[in-house]
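Data block below; observations after.
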Amino acid sequence: MEQRVKGCSILRGELAPPGDKSISHRALILNSIAKGRARIENLAPGDDLGATISCLRALGVEIIEEEGMLTVSGVGREGFMEPTDVLHAGNSATTMRLLAGLLAAQPFLSIVTGDESLRARPMGRLIHPLRLMGAEIWGRGHDSQAPLVIKGNKLKGIDYRLPVASAQIKSAILIAALFARGNTTVAEPAPSRDHTERFLRAMGVKLQREGARIKLIPSAPPTPIDVCVPGDISAAAFWLVAGAIHPNAQLKVINTGINPTRSGILDVLLQMGAKLRVERERRESNEPVADVVIESSDLVGTQIGGNLIPRLIDELPLIALAGSFARGTTTIRDAQELRVKESDRIGATVRELSRLGADIDELPDGMVIRGGRKLTGGECSSHHDHRLAMTLGIAALVAQGETAIHDAEVVAMSYPNFWQDLERLTIIERG
Ligand code: S3P
């Protein structure tokens with residue numbers, strides 16, 4: 001599908017972003033391992049969560065959807081069933097990697113695959129620690145890629161240092177550790193999103209943090225918990241950047257998660273001089289939540305790298321866009337992980353923003369963006385990457401003329417109503 005977006009003269013309104021995708025995957029998977037019923041409200045919409053739901057159902061978990069509410073009947077650590085067919089994670093690495101942690105401990109065989117993009121993503125980083133725990137797990141390309149074949153086994157705890165700051169790998173290990181004999185510790189090179197840890201603690205699992213190390217001590221099985229999923233800051237970010245770079249904007253994003261391991265985008269926008277206000281800070285299901293107000297801002301370029309990167313990894317294409325509208329240069333470093341996301345997000349962002357007139361160059365581990373150029377509408381492509389499609393949609397709002405975004409339907413992975421929300425918030429004055 002091709003989506004056409006015209007530059008708009010006014011950007012105004014209030015919106016609630018969809019439920020957080022990372023929290024939603026964990027709410028489903030961890031409650032499936034608990035024994036008993038849990039209700040989940042405001043689950044993330046989109047195909048990625050659809051993949052997790054269908055994989056869990058294929059493993060014997062009952063999940064019922066009724067009036068916007070989901071009920072998961074957790075089967076307990078011993079209650080999963082051997083799937084009768086290959087499990088499909090679609091485009092969702094979170095589904096594949098977190099489920100691999102669970103499957104590694106089951107007394108049966110599972111095969112997990114995904115779409116072309118997911119089958120190209122690195123899985124060696126997942127296979128290696130799970131094998132150390134005793135799992136029998138193999139992958140295509142000398143154990144580096146999916147499909148994965150997992151023959152569950154009795155696992156033992158490990159002491160592991162993650163080679164990359166990845167919340168998916170950390171979570172896969174912690175999930176496997178729930179089934180293992182002995183303690184497991186995972187050390188992170190930089191703090192990544194901590195939703196799994198928050199869930200496990202709330203479910204009664206013994207988890208200790210010792211500096212950069214997280215220690216899981218096997219104890220009683222996790223107890224189910226009801227969850228009201230906060231809005232996704234990675235979805236809110238599109239509107240926050242739109243508001244900051246548009247010359248006539250005032251937007252309010254309500255009910256968005258502001259977990260400090262995810263809120264790097266707020267820090268960077270403030271650092272760039274954005275007129276951004278965080279209001280009504282509160283807690284929802286163990287996660288900090290707030291409303292965020294943004295208005296047109298005169299941005300200045302900034303430098304981003306180091307430990308900040310995992311706190312805004314999914315927002316970097318948007319930060320590159322913000323940098324195009326800032327005074328001076330914005331540099332993003334230490335972000336080589338972006339190359340192995342749903343697309344090579346460094347190459348794809350540079351290529352597509354350049355097509356719209358941005359002055360941007362690729363670095364091996366990031367980008368350099370020289371601000372102050374006007375963007376003009378044109379043809380561009382999402383590279384089948386939902387976050388790139390939405391970044392280009394926001395770029396189109398501030399570009400002169402009309403932009404055609406190819407393969408725009410890919411927003412369905414995480415934010416199926418994105419194009420409708422965009423239309424609702426924009427006013428195009430004619431004449
Ligand atoms: C996620 C972790 C991040 C992020 C992804 C979601 C998660 O990936 O980019 O969109 O839910 O754990 P990595 O773990 O590969 O860094």
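Can you compute the helix-only [θ] at 222 nm over the chain? Use -39500 (n - 2.57) per DSSP H run of at least 4 residues, normalise by all residues, nearest 500 deg cm²/dmol. All intermediate terms of the calculation are to be shown ahead of the outcome.
Working: 14 runs with 134 residues, N = 431.
Dividing the helical sum by the residues of the chain leaves -9000 deg cm²/dmol.
If you count, for each residue, the other Cβ atoms within 10 Å and average over each peptide, how do 130-141, 90-101 line up from highest to lowest? Could the numbers behind the result be given before it?
On the way: 130-141: 18.7, 90-101: 26.6.
Ranked by mean Cβ neighbours within 10 Å, highest first: 90-101, 130-141.
So what is the accessible area of the range 21-217 per residue, in Å², with the probe set to 1.4 Å?
Accessible area per residue, the range 21-217: 38 Å².
Cα gyration tensor of the range 319-430, axes a ≥ b ≥ c as square roots of the eigenvalues: rounded (a/c below 1.5), prolate (a/b > b/c) or oblate? Intermediate results must be reported in sequence, preceding the final value.
Details: a/c = 2.01, a/b = 1.21, b/c = 1.66.
It is oblate, given that a/c is not under 1.5 and a/b is not larger than b/c.
Relative contact order (percent) for the chain, with alpha-carbon contacts under 8 angstrom and 6 or more residues of separation?
Working: 1079 pairs, mean separation 79.7, N = 431.
The normalised contact order for the chain reaches 19 percent.
Name the residues of the range 236-256 whose amide N is less than 20 Å from a point 7 angstrom out from the Cα of Asp359 along the C-beta direction?
245-247
With a 1.4 Å probe and every protein chain kept in, tell me what percent of the accessible surface of the chain is carbon plus sulfur.
Values: 7780 of 16050 Å².
Of the solvent-accessible surface of the chain, carbon and sulfur hold 48 percent.
Please compute the net charge surrounding Asn153, taking Lys and Arg as +1 and Asp and Glu as -1 over other residues with Cβ under 12 Å from its Cβ. Please list the in-between numbers first.
Numbers: positive: Arg131, Lys151, Lys154, Lys156, Arg181; negative: Glu136.
My count for the surroundings of Asn153 gives +4.
Output the peptides 332-341, 16-25 sorted from most to least packed, where packing is the average of other Cβ atoms within 10 Å over each peptide's residues. Don't skip to the end; give the middle numbers.
On the way: 332-341: 18.8, 16-25: 26.1.
Top of the packing list down: 16-25, 332-341.
Give the distance, in whole Å, between the Cα centre of the range 154-203 and the Cα centre of the range 215-260.
The range 154-203 and the range 215-260 have Cα centres spaced 21 Å from each other.
Stokes-Einstein diffusion coefficient for the range 61-127 at 25 °C in a medium of 0.890 mPa s, Rh from the Kirkwood formula over Cα pairs: what value in µm²/s? The partial results should precede the final answer.
On the way: Rh = 13.5 Å.
D = 181 µm²/s.
Hydropathy at least 1.0 by Kyte-Doolittle, axial extent at least 18 angstrom from the Cα trace: which helices of the chain, defined as entire DSSP H runs, fit?
Values: long enough: 21-33 (19 Å, 0.42); 386-398 (19 Å, 1.43).
In the chain, the long hydrophobic H runs are 386-398.
Checking the table Lys21/Lys341; Lys21/Lys151; Lys6/Lys341; Lys206/Lys341; Lys275/Lys374; Lys6/Lys374 against a 26 Å threshold on Cα-Cα, which pairs fail?
On the way: Lys21/Lys341 15 Å; Lys21/Lys151 28 Å; Lys6/Lys341 28 Å; Lys206/Lys341 32 Å; Lys275/Lys374 21 Å; Lys6/Lys374 15 Å.
Where the Cα-Cα span goes over 26 Å, the pairs concerned are Lys21/Lys151; Lys6/Lys341; Lys206/Lys341.
With just the Cα atoms of the chain, tell me how far they stretch along each of the three principal axes, in Å, largest first.
Result for the chain: principal-axis Cα extents of 68, 44, 42 Å.
Which whole-angstrom value gives the distance between the alpha carbon centres of the range 85-100 and the range 386-408?
Centre-to-centre distance over Cα atoms comes out at 29 Å.
Can you tell me how the range 324-384 classifies by the Cα gyration tensor, rounded, prolate or oblate, using a/c under 1.5 as the rounded cut? Can you show the working numbers first?
Working: a/c = 2.99, a/b = 1.17, b/c = 2.56.
Oblate.
Compare the Cα positions of Leu353, Pro129, Ile29 along the charge dipole of the chain (+1 at Cβ of Lys, Arg; -1 at Cβ of Asp, Glu; about the Cα centre) and return the one farthest towards the positive end.
Pro129
Plugging the Kirkwood radius over Cα pairs into Stokes-Einstein for the range 201-305, at a temperature of 37 °C and a viscosity of 0.692 mPa s, what D comes out in µm²/s?
Values: Rh = 15.7 Å.
Calculated translational D: 208 µm²/s.
With no solvent and one point per C-alpha, what does the Debye sum give as log10 I(q)/I(0) for the range 21-217 at q = 0.11, 0.12, 0.13 Å⁻¹?
With no solvent term, the Cα-only Debye profile gives -0.43, -0.52, -0.62.
About its Cα centre, what dipole magnitude does the chain give when the only charges are +1 on Lys and Arg Cβ and -1 on Asp and Glu Cβ, stated in debye to the nearest 20?
Numbers: 50 positive and 51 negative charges, 265 e Å.
Computed charge dipole of the chain: roughly 1280 debye.
Nearest-5 percent of antiparallel DSSP beta bridges in the chain?
Working: 60 of 81 bridges.
Roughly 75 percent of the beta bridges in the chain run antiparallel, per DSSP.
Can you run phi through the Karplus equation (6.51, -1.76, 1.60; θ = phi - 60°) for the range 107-123 and list ³J(HN,Hα) in whole Hz, with x for Gly and Pro?
Karplus values, whole Hz, x for Gly and Pro: x, 7, 9, 9, 10, 10, 10, x, 6, 4, 5, 5, 5, 8, 8, x, 10.
The values are calculated or read from the model by the stated rules, or taken from the named source; none is laboratory data. What you see is a predicted model; the values in this text were computed from it and never measured. A quick note on method: Cβ atoms are made from the backbone with ideal geometry, for glycine too, and the neighbour counts reach across all protein chains shown. These area figures cover heavy atoms from the full protein model, side chains too; ligands, DNA and RNA do not enter into them. Shrake-Rupley method; radii C 1.70, N 1.55, O 1.52, S 1.80 Å.
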